[in-house]
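Values in this text are rule-based calculations from the coordinates and carry no lab data. The model shown is predicted, which means the values in this text are computed figures rather than measured ones. Every residue, glycine among them, receives a Cβ derived from its backbone with ideal geometry; neighbour counts consider all protein chains shown.
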Amino acid sequence: MNDQDATRLPEQFVERLRRIMSAEQYESALRSFAAAPVTTFRVNTLLAGIEPVLASLRDEGIDPQPAGWYDEAFWVPQDRRDDLLTSSAAESRHIYIQNLSSMLPPLVLAPEPGERVLDLTAAPGSKTLQLASLMNGEGELAAVEIVRARFFKMKALLDEYGASFVRTFLQNGERVWRYRPEHFDRVMLDAPCSTEGRFQTIDPATYAYWSPRKIKEMASKQRRLLFSAVHSLQPGGVLVYSTCTFAPEENEAMIDWALTKFGDALEIDDIHMDIPRGAPALSEWNGSRFAPGLSRAVRILPDEQFEGFFVCRLRKTESTLRGPVAPR
């Protein structure tokens with residue numbers, strides 16, 4: 001894909017992307033928007049073992065390739081997608097179709113069995129299901145979703161895939177902290193965003209609603225959710241903030257805002273894993289410099305396997321309940 005092909009995308013988006021990325025990253029991202037992605041999936045270890053699932057797929061003529069960095073993750077070429085979706089492993093819910101980038105935030109959060117974990121904006125349930133697997137079904141896992149239709153689809157998915165023990169709440173994530181102040185050991189906030197990392201030039205629906213105004217609206221919602229996430233986390237606990245967008249206003253600027261808002265009560269943790277397709281977070285945007293600790297956050301560059309993503313791991317060092325008021 002070249003600059004001429006990029007004219008299918010919103011002009012302002014393309015110009016912003018050119019400023020966000022290096023020249024090489026920009027060209028690679030443009031190619032990824034036009035490429036046919038492979039189909040990636042995760043073995044659902046709540047219901048099946050990895051080797052039996054792979055053997056079943058191979059018996060049906062499907063040869064999954066390992067992602068190479070996560071034992072449960074695999075991919076097949078796009079032309080085998082339909083075969084994968086109609087396989088016995090898919091029908092028995094032993095595999096779950098999920099982009100590799102989407103698998104990273106739960107791994108970065110790294111919940112332990114027996115802990116109290118919150119997925120603050122959980123639908124459609126992909127990361128909730130992965131968290132349940134990582135916890136081996138042990139502990140308290142709460143999944144919150146505000147949109148009624150999405151909530152019931154998520155609840156059905158969790159039941160079908162062996163995670164019926166997850167406690168689901170039809171609730172506004174912005175208010176959760178009022179009911180469970182400093183209750184959770186770990187909090188996942190995969191925030192609603194402008195979804196720039198999922199743009200595909202062959203599908204105008206993926207970018208039809210994009211605009212700078214949309215970014216601003218998402219950032220406002222993200223601040224309220226992040227405020228709730230921090231207050232829901234107990235001192236010493238870990239929070240992972242992630243999005244599937246490139247917009248600095250929704251990524252680095254959001255973390256910078258939280259560090260300013262909560263002061264010494266919040267700090268950025270190192271991510272102790274090699275992130276595939278990872279690139280350093282931005283140090284500045286539009287003339288404003290971000291906190292130095294943001295160098296520990298990671299941007300995921302898109303290709304045929306990975307969507308564009310942002311991941312940051314935060315640690316709460318002290319109580320925040322008598323701290324700043326909620327943003328509006």
Estimated 222 nm signal from helices in the chain, with DSSP H stretches of n ≥ 4 weighted -39500 (n - 2.57), rounded to 500: -9500 deg cm²/dmol
Dipole moment magnitude, nearest 20 debye, the chain about Cα centre, only Lys, Arg, Asp, Glu C-beta charged: 1500
Highest-fluctuation residue, 23, 122, 163 considered, GNM on the chain with Cα pairs under 10 Å: 23
Of all DSSP beta bridges in the chain, antiparallel share, percent nearest 5: 60
Ratio of Rg to Rh over region 207-246 (Cα coordinates, Kirkwood Rh, two decimals): 1.10
Prolate/oblate/rounded call for region 66-147, Cα gyration tensor, a/c under 1.5 rounded: prolate
Tensor-based shape of the chain (alpha-carbon gyration tensor, a/c under 1.5 rounded, otherwise prolate or oblate): oblate
Cα gyration tensor, region 88-134 - rounded (a/c under 1.5), prolate or oblate: prolate
Table column - 3J(HN,Hα) (Hz), region 247-252, Karplus curve with 6.51, -1.76, 1.60, x for Gly and Pro: 4, x, 4, 9, 10, 4
Cubic angstrom per residue, convex hull over Cα atoms of region 156-302: 160
Radius 14 Å from Cβ of residue 125, net charge of other residues (Lys, Arg +1; Asp, Glu -1): +2
Region 39-97: translational diffusion in µm²/s, Stokes-Einstein, Kirkwood Rh over Cα pairs, 4 °C, 1.567 mPa s: 117
Least to most buried among 85, 129, 301 (fewest other Cβ within 10 Å first): 85, 301, 129
In Hz, Karplus ³J(HN,Hα) per residue of region 19-33 (6.51, -1.76, 1.60; θ = phi - 60°; x = Gly, Pro): 7, 6, 10, 5, 4, 5, 5, 4, 5, 5, 5, 4, 5, 5, 5
Fewest-first ranking of 177, 69, using other Cβ atoms within 10 Å as the exposure measure: 69, 177
Residue of 220, 288, 87 that the Gaussian network model of the chain assigns the largest fluctuation, springs spanning Cα pairs under 10 Å: 288
Relative packing of 315-325, 98-108, 289-299, which averages over residues the other C-beta atoms within 10 Å, highest first: 98-108, 289-299, 315-325
Fewest-first ranking of 261, 127, using other Cβ atoms within 10 Å as the exposure measure: 261, 127
Charge dipole (the chain, unit charges on Cβ, about Cα centre) - positive-most of 96, 147, 74: 147
Surrounding net charge for residue 259, when Lys and Arg each add one and Asp and Glu each subtract one, Cβ distance under 11 Å: -3
